[in-house]
1. Keeping to pairs on different chains or 8 or more places apart, tell me how many lysine pairs in the chain have Cα atoms under 12 Å apart.
2. Taking the convex hull of the alpha carbon atoms in the chain, what volume per residue do you get, in Å³?
3. So what is the calculated 222 nm ellipticity per residue for the chain, using -39500 (n - 2.57) for each DSSP H run with n of 4 or more, over all residues, to the nearest 500 deg cm²/dmol?
4. May I ask you to give the percent of accessible area on the chain that is carbon plus sulfur, with a probe radius of 1.4 Å?
5. Quick one: which residues, 5+ away or cross-chain, put their amide H under 5 Å from the amide H of Thr113? H built at 1.01 Å from N.
6. Would you mind working out the accessible area per residue for the chain, using a 1.4 Å probe, and quoting it in Å²?
7. With labels modelled as points extended 7 Å from the Cα through the Cβ direction, what inter-label distance (nm, one decimal) is found for Asp47 paired with Ser14?
8. Based on the Kirkwood radius over alpha-carbon pairs, what is the Stokes-Einstein translational diffusion coefficient of the stretch 6-45 at 25 °C with 0.890 mPa s viscosity, in µm²/s?
Amino acid sequence: VLEKTGDKSVSFESESDDVMFRIETLISLGIALNELITNSFKHAFNDKIENPKIKISLRAIADNKFTLTYQDNGIGINKKKLQSNFGMELIETIVDNYDGVINIISTIPKWPTTIEITFNE
């Protein structure tokens, strides 16, 4: 649905391990992903970005420990603006509830915005 609300033709790619989460975890992850996708539509994709893309991956890295990686090929992330962003504060609160950590990576040329969230369930 979000794909159709943006004013750009954004392609989505996803990859995931076969993971069974509690419904509370799924709801929380959905809220966090909604915020990230919304931020990409609002801020990442301008007229200079050809073939805008969003990639989401979910991996089990240990017993009850997971990594959710969110990437877009937009203009990159402004870490100062992100820190004062209500959506990011919401994501941080959600991640804290799962003893998680958010890592913002800006060194991958193909994916200027990469946010890695490691959390427990």
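The values are calculated or read from the model by the stated rules, or taken from the named source; none is laboratory data. None of the values given here were measured: they were computed from a predicted structure. Neighbour counts are summed over all protein chains in view; Cβ atoms, including those assigned to glycine, are modelled from backbone coordinates with ideal geometry. Keep in mind that these areas ignore ligands, DNA and RNA; they rest on the heavy atoms of the full protein, side chains included. Shrake-Rupley method; radii C 1.70, N 1.55, O 1.52, S 1.80 Å.
1. On the way: Lys8/Lys42; Lys8/Lys48; Lys8/Lys53; Lys53/Lys110; Lys55/Lys110.
For the chain, qualifying lysine pairs total 5.
2. Numbers: hull volume 13.1 nm³, N = 121.
For the chain, the hull spanned by Cα atoms encloses 108 Å³ per residue.
3. Details: 4 runs with 38 residues, N = 121.
For the chain, the value works out to -9000 deg cm²/dmol.
4. Details: 3720 of 7480 Å².
Carbon and sulfur together cover 50 percent of it.
5. Correct list: Asp72, Gly74, Gly76.
6. Working: 7480 Å² over 121 residues.
Dividing the accessible area of the chain by its residue count gives 62 Å².
7. Roughly 3.3 nm, to one decimal.
8. Details: Rh = 11.9 Å.
The calculation lands on 206 µm²/s.
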